[in-house]
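In what follows, a single structure is set out as structure tokens and then discussed.
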Amino acid sequence: MAGFQTEYTFTLPKGFVDAQGALHRNGTMRLATARDEIEPLRDQRVTGPDDPYLTILVLARVITELGTLAQISVREVENLFAADLAFLQDLYGIINFGSPADVEALQLAATGPVPVAEAEPAAPAAVPVVAEVVDDDTNRVAKATSARRRDRIEEVARPSGS
């Protein structure tokens, strides 16, 4: 299957700081398998399919690289900044249930354009425009964001009847 993309590179908005103080921002996430979503349900720390900890376990399975870290474990995902966790949740949703074309827009929304100069004061980040896209086959909702920087975690209301 030439041309089928199974791995996606990303840059975290903030970055993971390891025990030695090194910052890790660039990484790779692969497509999830059925096992990646089923196995964490067997973990004793998970109380059910709606348990937020399930997200941590799944992300630890599908993030294959993060900076120079040799291995990504649950511990690293638990210690991500909230903005980075939200970004990875969005990325997971897009690459597994949405359109891979939206990955670039999400990355730009999360990290913004390349900074001009450190000496200039940063302008306040714009609130992104978020649109929900429902996949007719899976009935899952994916968020598509505009190319503006995301500055906070936002709850998006589900369409009525879902």
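The figures follow:
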item	result
Test: residue in the range 32-43 that is in contact with a Lys or Arg (Cβ under 6 Å, 6 or more places away or on another chain) and of a type in the set (Asp, Glu)	yes
Top-ranked residue of the range 113-122 - restricted to ones that are of a type in the set (A, V, I, L, M, F, W, C) and either under 17 Å from Lys14 (Cα atoms) or assigned to a helix (DSSP H, G or I) (or both), ranked as modelled with the highest pLDDT	Val114
Failed item, numbered, when Gly21 is tested on (1) at negative phi; (2) more than 18 Å from the chain's Cα centre (by Cα); (3) surrounded by fewer than 14 Cβ atoms within 10 Å (Cβ to Cβ)	(1)
Verdict on Arg75 being basic (Lys, Arg) and either surrounded by 14 or more Cβ atoms within 10 Å (Cβ to Cβ) or under 27 Å from Ser99 (Cα atoms) (or both)	no
From Gly3, Gly21, residue being out of contact with any Gly (no Cβ under 8 Å at 6 or more places or on another chain), closer than 25 Å to Leu108 by Cβ and either in a helix (DSSP H, G or I) or free of Cβ contacts under 8 Å to residues at least 40 places away in the same chain (or both)	Gly3
Residue list for the range 73-112, filter: part of a loop (DSSP other than H, G, I, E, B), of a type outside the set (Gly, Ala, Ser) and touching a Lys or Arg at 6+ places or on another chain (Cβ under 9 Å)	Leu80, Phe81
Those residues of the range 60-76 which are touching a helix residue (DSSP H, G or I) at 6+ places or on another chain (Cβ under 8 Å), among the aliphatic types (A, V, I, L, M) and within 14 Å of Thr28 (Cβ to Cβ), in sequence order	Ala60, Val62, Ile63, Leu66, Leu69, Ile72
Leading residue by the ranking (surrounded by the fewest Cβ atoms within 10 Å (Cβ to Cβ)) among those in the range 25-53 that are over 22 Å from Ala110 (Cβ atoms) and of a type in the set (A, V, I, L, M, F, W, C)	Ala34
From Ile95, Ile63, residue being of a type in the set (Val, Ile, Thr), touching a strand residue (DSSP E or B) at 6+ places or on another chain (Cβ under 6 Å) and touching a residue at least 40 places away in the same chain (Cβ under 8 Å)	Ile95
Subset of the range 42-59 [among the polar types (S, T, N, Q) and either under 20 Å from Leu31 (Cα atoms) or not in a loop (DSSP other than H, G, I, E, B) (or both)]	Thr55
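The values are calculated or read from the model by the stated rules, or taken from the named source; none is laboratory data. Keep in mind that what you see is a predicted model, and the values were worked out from it rather than measured. Heads up, the Cβs are rebuilt from the backbone with ideal geometry, glycines too, and the neighbour counts pull from every protein chain shown.
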